[in-house]
Amino acid sequence: MRRSIATVCVSGTLGDKLTAAAAAGFDGIEIFENDLVVSPWSPKEIRSRCADLGLSIDLYQPFRDFEAVPPEVLARNLDRAERKFDVMAELGVDTILVCSSVSPAAVDDDELAASQLRQLAERAGTRDIRIAYEALAWGKHVSTWDHSWRIVQQADHPNLGLCLDSFHVLSREVDPAGIAGITPGKIFFLQLADAPYLHMDVLQWSRHHRLFPGQGAFDLPGFVGLVLAAGYDGPLSLEVFNDVFRQADPARTAVDAMRSLIALEDRIDGPARRLPAAPELAGLAFTEFAVDGQSGPELRTALRGLGFTHTGQHRTKPVELWEQAACRIVLNSAVTRPQAPGAATISAFAITSADPQRSLQRAEALSAPAHPNVREPGEAELAAIIAPDGTSVFVTRPDDDWRSDFLPTGVPAAPGAGLRTTDHLGLAQPFDHFDEAGLFYHSVLGLDHLATEEYAAPFGLMRSRAVANPDRTVRLALTVALLRRGEWAPAVADPQHVAFSTDDIIATAAALSRPGLPAPLPSLPVPDNYYADLAARFALSDDFIATLCRYGILYDRDASGGELLHLYTPVLGGRVFFEIVQRRHYDRFGEANAPVRMAAHRHRRLNKG
């Protein structure tokens, strides 16, 4: 199927939008009238520019407040339509979207609406133009797809059909199943948008909170399947109103949009193009920190304090391997990232794939081509996919061939602290790319969306989105502040962390404080108020509460009785920290305790300073 995008989806001038759409691989566009009005190009010049870029113009929109109006208003509307038909002829577009009216002049009269739409279709027919009638979810009298279909049926004109917009259909409590029964050929155009479910005015919901497919909560594969069952063979076109998208880099937004359509097509039953299946992932092979002369020593000390051993030194690069059981951390002093001096950051992580080549093929098909690593002869070939925040995601084989690049240090193994595997990564996302990141990890790596949580933190509202593979060997927690912060912000605005699993967190906490470790980490102080509240909420024994308090262990319990026990280190290298978790049939990330951790980190920084 052809892929199209409305110019309203991306930022910039019309020229910026067309260039971005073409570069992302779209076949066509919808011209949003506002973009035309402010463009210095004539309609003929726009048509020529689109042709040069390989773009068709699939729809002109919107034409508002036409039907069910008094005769004198109808006359003006018909004259207005003729002028738009002239513009369409110059643009070379044959379909115009007519929205259901919100005009105060409109009356609740389906027969009148059908009659006037038929008159419009008659005029359009003389110019080989089609009228695609759309029920706005907030239309004054016509606000559902089935109502608009009844009017189109009543008007009974070959140049009058429907435009179905997934937002307008799925935001209303009308069963879309009947769409499959629409007369073949009468769906003239299909517009797609996702969205989170929100309890708010539907107009504001639509204008500010639409998302690309796969970024929200709508069942778009099911919806598109119904439209295709009705015989629709036109383009899949995106129409997304979103405050972030409309001020972000248009080229990047267009790539995100294309990725969403490709991933959607893969989930639709029928003749759509198929992606290489996402291979099974076996776990996180390693996490890489970019460090410098200041943050490097701090992280080395912290890793020793956690019971890690410096086991390997890269053959040709200033890169160190630190290990404890299956927990592996790489410290890279050669990575150049835009970060403050003395700051550490998670610059990369590696996933173990059952079929790395297929993982990379899938990524490339989803507009995320792999970047080969710079390597010397005989070194492992590690291709990296670049995540939306710039993090490199390496794809490795199950045999851990990458470890052969490291020469043994001969350092005796530390006694360890009972850490077993990397449980998850916590990655703060740039404000503009949070939804893009969720789609990236879901579509490219095949991770499932577990949950999206919001919580009040010391510095404002936060949103967390969890993604994981089915057996939970790869877990990521993506976080973002819901509003851009002003000049006053916490010292660590975008923290990152690595969480390690243990089978017995109390034994691990005791081991971390024993004198035998080279440099025991100071515990993160948790206030007594937290433990008093914990006892009240969960009816835990006094002895258990006392043990948690002694080691600074946090606790959560889910609705099914699953338990999480976890503790944190202080912030290290200006931005990062470590977490240790013990899960007892618990599948979340302890979001309820995040504000406690954030406040404790700030108190420690203030007291330390």
For Tyr551: the one exception among (1) surrounded by fewer than 16 Cβ atoms within 10 Å (Cβ to Cβ); (2) under 24 Å from Leu425 (Cβ atoms): (1)
So which residues in the range 419-458 are among the hydroxyl-bearing types (Ser, Thr, Tyr) and under 12 Å from Gly214 (Cβ atoms), if there are any at all? Tyr441, Ser443
Limited to the range 28-40, what total is found for residues that are farther than 18 Å from Arg246 by Cβ and touching a Leu at 6+ places or on another chain (Cβ under 7 Å)? 1
Within the range 145-176, considering residues that are of a type in the set (Gly, Ala, Ser), part of a helix (DSSP H, G or I) and closer than 22 Å to Leu238 by Cα, the one farthest from the chain's Cα centre (by Cα): Ser148
Those residues of the range 253-277 which are modelled with pLDDT under 95 and open to solvent by 10 Å² or more (accessible area, probe 1.4 Å), in sequence order: Asp266, Arg267, Asp269, Gly270, Pro271, Ala272, Arg273, Arg274, Leu275, Pro276, Ala277
Restricting the range 1-21 to residues that are among the β-branched types (Val, Ile, Thr) and in a loop (DSSP other than H, G, I, E, B), the residue that is surrounded by the fewest Cβ atoms within 10 Å (Cβ to Cβ): Thr13
The residue from Arg588, Arg583, Arg604 that alone is under 30 Å from Arg300 (Cβ atoms), surrounded by 17 or more Cβ atoms within 10 Å (Cβ to Cβ) and touching a residue at least 12 places away in the same chain (Cβ under 8 Å) is Arg583
Restricting attention to the range 560-580, which residues are open to solvent by 10 Å² or more (accessible area, probe 1.4 Å), at pLDDT 95 or above and of a type in the set (A, V, I, L, M)? Leu567
Qualifying positions in the range 533-547 - touching a Phe, Trp or Tyr at 6+ places or on another chain (Cβ under 7 Å) and within 19 Å of Met598 (Cβ to Cβ): Leu534
Per the list (1) assigned to a helix (DSSP H, G or I); (2) modelled with pLDDT under 95; (3) open to solvent by less than 10 Å² (accessible area, probe 1.4 Å), residue check on Arg246 breaks on (3)
Looking at the range 410-431 only, could you name the residues that are open to solvent by 30 Å² or more (accessible area, probe 1.4 Å) and out of contact with any Pro (no Cβ under 9 Å at 6 or more places or on another chain)? Gly410, Val411, Pro412, Ala413, Pro415, Gly418, Arg420, Thr421, Phe431
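The values are calculated or read from the model by the stated rules, or taken from the named source; none is laboratory data. These figures come from a predicted structure and were not determined experimentally. Quick reminder, even Gly has a Cβ in these numbers, built from the backbone with ideal geometry, and neighbours come from all protein chains shown. Just so you know, the surface numbers come from the protein's heavy atoms only, side chains and all, with ligands and any DNA or RNA stripped out. Shrake-Rupley method; radii C 1.70, N 1.55, O 1.52, S 1.80 Å.
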